[in-house]
């Protein structure tokens, strides 16, 4: 575990949390041009945003808000029966320019830092592997991060987040094969079982599908349900 430096942000809720109430770890990318701008924003009192940890491109980890205080990273968010995920989570911002500027692969040193920090937090707060989530999981109607280049499959090997053990070649054969109305309803039912918030608005449904794809079917993000997505959702909902 690399040394953790400190650069405290003023943007947090001053009431201390009960350790047992920390249930989630939420991953974000900064969506900022560089690390200096990202840290400036996360520590600027006027921005009203922050996180607990920031991971630089070289893997260095910076503590911005102590774990037992609520950082302002998730915004309006939902997962299963939880609302306002800020209250129950630790937020990790990872430097990446993001989709709107120049979405990058996460560096090997960043991934190493993500794994080491996540293992530490998992043990310290007894966090269920299913509760390591992306910002787009808990706020799919407005967020895309950490995106389809985030290494969820690799992290799952360390019991960080969920993945599936379905055969990749068999899944590829199901890609773009259409689903019927009953299967479509089953897909959304399974997403709700996984933890995603229900939605009835067609535009939000497309965003929800994309969020699921960025997490579990990262090779094609088109917002369309196919037999591959159906199979993966069914598998994850039972894991």
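Assorted remarks:
- The chain: relative contact order in percent, alpha carbon pairs under 8 Å with at least 6 residues between: 20 percent
- As a calculated quantity, the FRET efficiency between residue 192 and residue 149 at R0 = 35 Å, using C-beta atoms, amounts to about 0.85.
- For region 89-213: relative contact order, % (alpha-carbon pairs under 8 angstrom, 6 or more apart): 24 percent
- Principal-axis tilt of helix 202-216 within the chain, Cα atoms, nearest 10 degrees: 70 degrees
- Top of 154, 184, 100 by mean-square fluctuation, Gaussian network on the chain, Cα under 10 Å: 100
- Taken as Cα centroids, region 169-206 and region 29-43 sit 34 Å apart, rounded to the nearest whole angstrom.
- Packing rank of 31-42, 85-96, 170-181, where each peptide gets the mean count of other beta carbons within 10 Å, highest leading: 85-96, 31-42, 170-181
- Take each peptide in 110-122, 215-227, count the other Cβ atoms within 10 Å of every residue, and average; sorted highest first, the result is 110-122, 215-227.
- Computed [θ] at 222 nm, helices only, for the chain once each DSSP H run of length n ≥ 4 contributes -39500 (n - 2.57): -10000 deg cm²/dmol
- Against the chain, whose longest principal axis comes from its Cα atoms, helix 108-125 is set at around 80 degrees.
- For the chain, the longest principal axis of the Cα atoms and the long axis of helix 227-237 meet at an angle of about 50 degrees.
- DSSP bridge pairs, the chain: antiparallel proportion in percent, nearest 5: 30 percent
- Segment residue 100-residue 158, length gained on full extension (0.36 nm per residue, minus Cα span): 17.9 nm
Every number in this text was worked out from the coordinates using simple rules, so none of it is lab data. From a predicted model like this one, the values you see are computed outputs, not experimental measurements. Here the Cβ is made from the backbone with ideal geometry for all residues, glycine too, and neighbour counts use every protein chain on show.
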